[in-house]
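Take a look at the structure set out below.
The values are calculated or read from the model by the stated rules, or taken from the named source; none is laboratory data. What you see is a predicted model; the values in this text were computed from it and never measured. Using ideal geometry, Cβ is built from the backbone for each residue, glycine included, and neighbour counts are taken over all protein chains shown.
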Amino acid sequence: MKIKEIMSSPVYVVSPEETVARARNLMLRYRIGRLVIIEDNKPIGIVTKKDISRRLDQAEPQWRRRPIDHIPIRKVMTESLITIFPDATPGQLAELMRENNISGLPVVNNKNEVIGIVTKWDLIRYFSGLPLELKVRDLKIEPALTVHRHHTISHIVHELETNLMDRAVVLEDNDKPVGIITSSNLTFTELMDKTGDLPQKEIKMTRKESYAGNKQYRYVRDVLLVAEDIMSAPLITVKDDELATHAAGIMVKERINGLPVMGNGVMGILTGDNIVNSILTLKVKQ
């Protein structure tokens, strides 16, 4: 099988001077995770959901003073662009992704024109159709990062960056998993308001006239957004003894790039990286 058989086309592109708000709106509208940056009809960079979510949470004054509708994509894009040719194999794609720690590459022709894009998502779909007997637990799943449903967004971003993770499982007080937060949740949430402050929500509160009196005085309290405000729920999971290809099929069907693995509680998260590594292992065995 060749890359041209699994790549996605057409490719959504933007110019480097368009705004981050424009990029985010395109990602949201078309349910995509990255955009290729084009200048003079040639690819010069790429911007992903992770680029946006992590950059906008930075505390430097120049970012806090600029709403995302004023920030050009050039400021957040990755310029060291790696591309692949349409006749490459899924194994070669997996090798490029692992060696360069990337999750998507533009597909270019011999004129360096973008004709498609391939991502870990495409490799997951490819893997789901292979005749394999591997179980989920055989894929060396990653430990799950967990956060509490009342943790703030800033705390979650800090935990993700500190632990080099792309997602976190949200737990209830009794450690029951109730949702998941990914770069999509963070990218498509307003991480700053127009003044550069963190987003807030309003909670209506009630006060009593006295300790034993009737609740009569009402007021509104502003609080920071927390995990439960932006998490994806209900949580979609897979058991550790299920077929790995079945798990990949769930990821394809539900359009998710990470799947919590359940055994005795949350055992870990099956990710696109696990599947990329499995494809590389299969390539070595062939």
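Structure notes:
- Residue that is closer than 21 Å to residue 78 by Cα, at pLDDT below 95 and not small (Gly, Ala, Ser), where the choices are 172, 113: 113
- The condition (being out of contact with any strand residue (DSSP E or B) (no Cβ under 6 Å at 6 or more places or on another chain) and buried (at least 20 other Cβ atoms within 10 Å of the Cβ)) is satisfied by just one residue among 153, 141: 153.
- Here the range 31-51 is the region considered, the condition is being modelled with pLDDT under 90 and touching a Phe, Trp or Tyr at 6+ places or on another chain (Cβ under 9 Å), and the residue that is farthest from residue 81 (Cα to Cα) is 32.
- Enumeration of residues in the range 156-174 that are β-branched (Val, Ile, Thr), buried (at least 23 other Cβ atoms within 10 Å of the Cβ) and not in a strand (DSSP E or B): 156
- Any hit, the range 91-107, residues being acidic (Asp, Glu), free of Cβ contacts under 8 Å to residues at least 40 places away in the same chain and out of contact with any Lys or Arg (no Cβ under 6 Å at 6 or more places or on another chain): yes
- When residues of the range 115-134 are limited to those that are assigned to a strand (DSSP E or B) and buried (at least 20 other Cβ atoms within 10 Å of the Cβ), the one nearest to the chain's Cα centre (by Cα): 119
- Pairs with Cβ under 6 Å, 6+ apart, first in the range 260-275 and in contact (Cβ under 8 Å) with a residue 12 or more places away in the chain and farther than 20 Å from residue 132 by Cβ, second among the β-branched types (Val, Ile, Thr) and in a strand (DSSP E or B): 260/169; 260/266; 260/269; 266/169; 267/261
- Long-range neighbours under 8 Å by Cβ, at least six apart or interchain, first residue at negative phi within the range 20-36, second small (Gly, Ala, Ser) and assigned to a helix (DSSP H, G or I): 33/183; 33/184; 35/23
- Filter result for residue 98 (farther than 24 Å from residue 185 by Cα, surrounded by fewer than 21 Cβ atoms within 10 Å (Cβ to Cβ), basic (Lys, Arg) and modelled with pLDDT of 90 or more): yes
Conditions tested, residue by residue: (1) in the same structural domain as residue 246 (by TED's automatic domain parsing); (2) not charged (D, E, K, R).
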| position | (1), (2) |
| --- | --- |
| 91 | no, yes |
| 97 | no, yes |
| 112 | no, yes |
| 142 | yes, no |
| 153 | yes, yes |
| 159 | yes, no |
| 170 | yes, yes |
